Structures are given as C-alpha cells and as structure tokens.
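Each remark here refers to the structure printed beneath this line.
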Amino acid sequence: MLKQIVNGRILTPTGWLEGGSVVIEGNRIKEVSNCDLPLKDAEIIDAHGCYVVPGGIELHVHGGGGRDFMEGTEEAFRTAVEAHMQHGTTAIYPTMSCSTPEMYEQGIAVTKKLMAEPDSPIMGLHLEGPYFSLKMAGAQRPEWITPPNPSDYNRMLASGVIKRWDVAPELEGAEAFIEACRKADCVPCIGHTAGAPEDVYRAYKAGATHATHFTNAMSSLHKNREFKVAGVVEAVYSIPDFTVEVIADGIHVPPVVMKMIYNAKGVEHMCLCTDSLAVAASNATRTFNDNEIIEDGVCKLADRSALAGSIATMDRLVRTIVQQTDIPMADACRMISETPAKIMGIYDRKGSLERGKDADIIMFDDKVEVTFVMQAGQIKRSLTPMV
C-alpha cells in the first residue's frame, strides 16, 4: 500500500518544498512531488505543517535505552537502536570504545548478524580505539590503549562490518593502519590525539579525512613559553576537505565554537553526532562501578555514565544547533542526514528525500521536537493521527 505525506515543509536537495508530498511505496521513496492531491488508495499522513526531513544518521553512539553496545549482545544492540530511533535516528553505526580484541569480535559478530536482516538500520560498526594517545584517553580505559596491531586490525577488518575506525595519527604504524582501513572500505578517522599538525598531514596523505568528535580529546593551539603552537584542531581546519563530527549537545562544544566550525567547514563538511551513552533515550539513572561493568575481561554492562559522555539524542542535536547557534533548520537537518551519508559512502540510498532512496523520514514541529519517525517505510513513531 502507498503512503503519502502531505501538508508539510519538505526538505529536498534543492531546498524547502511547500505544498508538495512524499509518496512511499514499500521501503522506498516512490516520488517527491510538488503536488499534494491525495493519491487513490494511499494512506495519507498529515504532517500538520511540520518540517519533513531525511532521517538522522548516527555515526558515533555508544548505547541508549539503558543498554550499551559494549555488552556485545543482540538484546543490547536492538534496545539501544530502538531507543534512538524514537528520537529520529533511522540509520546507525554502533560504537565500541577501547576494548580487548575478544570484546570487539563479539560486537562484530552481533553487528554482522543484525546487518543481514532486511531493512536493518545498522549500517556497520564503529570502533573508537584502542589505537589512541594515553595523553588524550578521556573516558577510554587506559589499560586497553595500544599502538596499531596489524594482526588484530587486519583480522577484524576482514569481517567487512567495521565501517569506521579511529586512530591517533601520531602513533607509530598509524599510516599503515589508515591505508588498511581504506582498502577494507572502512573510513579511517583521527581522534583522541595529542599530535601535531604534521601528524595530521601524514594521516591525510595516507587516507584519513574525518575527525572524531572534533575539538574534543585532541590537541589545539597552546602556548609553549613565548611561542604559540598549533595542534590537531588547527590542522583539520587547514585542510578544506577534512570532514568533522561535532557533539552538538550544547555541553561538549560551546555554541560559539559550533558556529565557528560551521562557518569554517560549512554544512558539506560538518556533521552532528551524539556520542551518547546507555542512559541516553532512557529513564535509567543508575551508574555502575568498574567491577559491575567488567568481569574477567568481559563487559557486562558498560554504562559509562559515571565517566565522560553524552546523553543526547538526534532531535536534541538539531534543536541545539538551531536554537543556540542560529544555524538554519535546513542546514541542521542536512548535518544529521546528507553530510554523514556522504562521509560514510551511503548517499546513494540514504541522506536525502529523493525518488528511489530508502524511506527514512522524520518530522520536526516548530519547537524542533520530533513528532514522526519512519524507517524503511515503517512508521516507528507518530504523534499525529493518520487519515
């Protein structure tokens, strides 16, 4: 049966479309039309004047709904994904922090199984570590931080499900790691780094073009005696096509800095991420100590809320950007859909409302609150009645 979304402001690749409609057939967009006349036998979805935009693509998220991807179980993955979907995330790259190879293998196995399901919202796995600088460990467990290990990363990359992997570019072996990622269709990113600009330039030459939670856990301009010394942040700014992701919760990056990044990088090279923990999209408030999280080297419930992290959801990212930085709604929505889709190489099927693409669609009201979520043509959340 056809579905037809009418009476909304539709974000298209060429701008806002007023008085049009989005027609969905099965799991795909059949047409984005400038006509809103009801189609025969179509289920009409009244947007009630809301913004109708592409679904959010989450590049960096550790958990939600009280569950953490570090648990490495189907139940944890499904619960966290569903929790974020209620807030506008329709495609997701689950993130695992610094871990043992055994824990990574468990997450890889679960990801591979769930990715194979029809219309899965899981696009691949994101490994945040363990190849980081101890000086910029942040909430990462320092005992699991190591230099790049070819025997480990080549074996895991061969799974085909790791789609992005982060590394501190100053580490010995970082360039070989980056090259291996590129060959395996995995986006190599730089993060948790105390490096210098020359480290970034070498990484860029090797194939790294994306910065993990930009400005957080990376070196920046500082003073050494009477001299000013540039860091990773300035190097990323200096490379025009280097893309960045920003934790747009209004806390990790001050609004004035988010606006500065936007002015420098533009909507084409800046995307938004939550970097959220298990307590995001959840009523859970309990925190856990290390003994409860780790037992015999196995993560039982890696709710890292007692450490550093975010509790943001996709809708909060857009709301923060629009309300605290005055960035246009269209650009804010592009930074959760179009830009991450292009960064991850999935723009052929996601990231915009166009004929033939996956029917991943969300709606925001005038307060930038999510009122509707559709993933692969299936309505996951609707606060408005259908006629």
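Summary of computed values
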{"read-out": "Where a residue in segment 133-161 is closer than 26 Å to LYS113 by Cα and its partner, wherever it lies, is charged (D, E, K, R), with Cβ under 6 Å and at least six apart", "value": "VAL161/LYS112"}
{"read-out": "Cβ pairs under 9 Å, 6+ apart, first in segment 102-121 and more than 13 Å from LYS163 (Cβ to Cβ) and charged (D, E, K, R), second open to solvent by 10 Å² or more (accessible area, probe 1.4 Å) and at pLDDT below 95", "value": "GLU102/GLY297; GLU102/VAL298"}
{"read-out": "All positions within segment 5-29 that are touching a residue at least 24 places away in the same chain (Cβ under 8 Å), over 14 Å from SER382 (Cα atoms) and crowded, with 19+ Cβ neighbours inside 10 Å", "value": "VAL6, GLY8, ARG9, ILE10, LEU11, VAL22, ILE24, ILE29"}
{"read-out": "VAL229 vs. criteria β-branched (Val, Ile, Thr), open to solvent by less than 30 Å² (accessible area, probe 1.4 Å) and without any contact (Cβ under 8 Å) to a residue 60 or more places away in the chain", "value": "no"}
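Residues checked against (1) at pLDDT 95 or above; (2) open to solvent by less than 20 Å² (accessible area, probe 1.4 Å):
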{"site": "PRO188", "(1), (2)": "yes, yes"}
{"site": "THR193", "(1), (2)": "yes, yes"}
{"site": "TYR204", "(1), (2)": "yes, no"}
{"site": "ARG225", "(1), (2)": "no, no"}
{"site": "MET258", "(1), (2)": "yes, yes"}
{"site": "HIS269", "(1), (2)": "yes, no"}
{"site": "ASN289", "(1), (2)": "no, no"}
{"site": "GLU292", "(1), (2)": "no, no"}
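The values are calculated or read from the model by the stated rules, or taken from the named source; none is laboratory data. Not measured: the values here are computed from a predicted model. Positions of Cβ are backbone-derived with ideal geometry, glycine not excepted, and every protein chain shown enters the neighbour counts. These accessible areas exclude ligands, DNA and RNA; they are computed on the full protein's heavy atoms, side chains included. Shrake-Rupley method; radii C 1.70, N 1.55, O 1.52, S 1.80 Å.
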